[in-house]
Amino acid sequence: MDVLTRSILNGKPLPLIFMLTGPNAIAFTIQAFVNLAEIWLIGTLGTAALAAIALSFPFSILIQTMSLGALGGGVSSAVARALGNDDRIRADKVLWHAIYLGIVIAGILLILFWFLGQFALSFMGGEGAILEAALGYCTILFLGGVFLWLSSLISAIFRGAGDMAYPSRVMIIASVLQIPLTAFFIFGAFGVPALGVPGAALSNVVISAGIALAMVLRIKSGKCLVGFRKSSMAIDASVFKEILKVSLPATLNPILNVAVILFLTALVGRFGASALAGFGVGTRIEYVVLPIMFAFGTAATTLVGTNIGAGNYRRAELMGWNAAACASLFCGVIGVVLALSTKLWVPIFTSDPIAASVTKSYIQIVGPAFSLYAIGLVLYFASQGAAAMKWPIRAQIIRSILVVAAAWSAVDIFGMGTSSIFVISTLSLAVYAGVVSAAVYLGAWDPEKTAKSRLLSI
């Protein structure tokens, strides 16, 4: 057993959490600011361009949360449990099967978007130039989707093995390169035509391809605990089953989340293009905080999964709670600061008074609840490590039903404005965090406790 795995099984929780979280937090946060820079660049094209990005956002978040969160979490969990059980050959098999799954899923999503994409964008309120720009952005995103999937899944291999540093370094370098590349494709230069909004998607695809290549070369160099062992290439149904046991239930979470975003975007779109643009800026500002949640979450997947693989259920639960508490504290503080400082940063992204007002309203209502969001999301990732996704999925179903029913009622029955939508979204985050926390507290990660609990065994 390697030194890192022994440390995960025996070391002090907080130093381990910050050791594994730190590199990811830095990399993800830098990437978040790159996303904000992208929004600023697109904002120079006008309110219609911002509205187009708002329409495209659910599809971007779908790919990100499914590849990094759902399937990526399943991959990290499988690698962590294999290494926790000192089974290197099994970990190598997970690598190959993750690649197979990434290619297949990217192809399926491309086909689905090809037939249903324009309908979905139109449903959310897209029309005219806004629809055309959003459709162009999403088309490039899905055509190059295989690179986005592979970059996330191979990174998940490293994280499952406890190596957070290398994928983080690659992401930081890629983020630095992405800003000028995005500007190049959006505005054009050196004979390359200005692509506008779709140029941002092309930049994302090119950068993701570079990340995937760097990861592959690193593994082939032998500097990763998991390798491209030729004997592990053969398709093994048990490996697919192990990954999908976690990933399939987890996939329902981002699908439902995106469905909620689609619905909320459509509701906000009823209030006009400016309101839609403001909502788009607000949701993208969340990217400043989401990376920190993802960083703690991916660390929790590894810490919990490795300890579960070794049969240390009590220690696994301790790791999950500590990671969730740390993420809640950090994200809660950031959310409050963002909510109190809207006058400073909102004008950077839009000069449209209606769009600015909607952005301010969104962050001031949702921002302070980032602490609750963090608890729910980190415990969701940690539950992937424990291969215990039943209650996080149930929590998301409850949240989705609550949001759709309450937000629709607020707008269509009671004639309330966009602020009511944001309040309902905030309350739903509290419900989600509460359900997941209760399940973990009652022993959802321990098979023996689950079997003895009437509530958990339902």
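Scanning the stretch 122-155 for residues that are modelled with pLDDT under 85 and buried (at least 22 other Cβ atoms within 10 Å of the Cβ) yields MET124, GLY125, GLY126, ILE130. Residues in the stretch 308-321 include none that are farther than 30 Å from GLY162 by Cβ and at pLDDT below 80. Among residues of the stretch 413-435 that are within 18 Å of GLY376 (Cα to Cα), those with a beta-carbon under 9 Å from a residue that is charged (D, E, K, R) at least six positions away or on a different chain give the pairs SER428/ARG399; LEU429/ARG399; VAL431/ARG399; TYR432/ARG399; VAL435/ARG394; VAL435/ARG399. Flag set for VAL403, criterion: under 15 Å from PHE422 (Cβ atoms) and in a helix (DSSP H, G or I). Within the stretch 59-90, restricting attention to residues that are β-branched (Val, Ile, Thr) and either outside any helix (DSSP H, G or I) or modelled with pLDDT under 80 (or both), the residue that is nearest to the chain's Cα centre (by Cα) is THR65.
Filtered by the rule that a residue be surrounded by fewer than 17 Cβ atoms within 10 Å (Cβ to Cβ) and assigned to a loop (DSSP other than H, G, I, E, B), the stretch 182-225 gives GLY188, PHE190, GLY191, PRO193, ALA194, SER221, GLY222, LYS223. Restricting the search to helices (runs of 4 or more DSSP H) fully inside the stretch 279-397 and requiring at least 2 residues that are buried (at least 24 other Cβ atoms within 10 Å of the Cβ) gives 290-309, 313-340, 353-366, 370-385. Do we find that LEU264 is assigned to a helix (DSSP H, G or I) and buried (at least 20 other Cβ atoms within 10 Å of the Cβ) in this structure? Yes. Starting from residues that are surrounded by fewer than 24 Cβ atoms within 10 Å (Cβ to Cβ) and under 23 Å from the mean Cα position of the chain (by Cα), keep the ones in the stretch 40-54 and report whichever is nearest to GLY188 (Cα to Cα). Filtering the stretch 40-54 for residues that are surrounded by fewer than 24 Cβ atoms within 10 Å (Cβ to Cβ) and under 23 Å from the mean Cα position of the chain (by Cα), the one nearest to GLY188 (Cα to Cα) comes out as LEU41. When TYR166 is tested against (1) buried (at least 23 other Cβ atoms within 10 Å of the Cβ); (2) under 24 Å from LEU217 (Cβ atoms); (3) hydroxyl-bearing (Ser, Thr, Tyr); (4) over 18 Å from the mean Cα position of the chain (by Cα), only condition (1) is not met. Screening the candidates LEU16, LEU112 for the property of being more than 30 Å from ASP352 (Cα to Cα), out of contact with any strand residue (DSSP E or B) (no Cβ under 6 Å at 6 or more places or on another chain), surrounded by fewer than 19 Cβ atoms within 10 Å (Cβ to Cβ) and not acidic (Asp, Glu) yields one hit, LEU112.
The values are calculated or read from the model by the stated rules, or taken from the named source; none is laboratory data. Quick caveat: nothing in here was measured; it's all calculated off a predicted structure. FYI the Cβ positions are ideal-geometry reconstructions off the backbone, even for glycines, and counts take in every protein chain you see.
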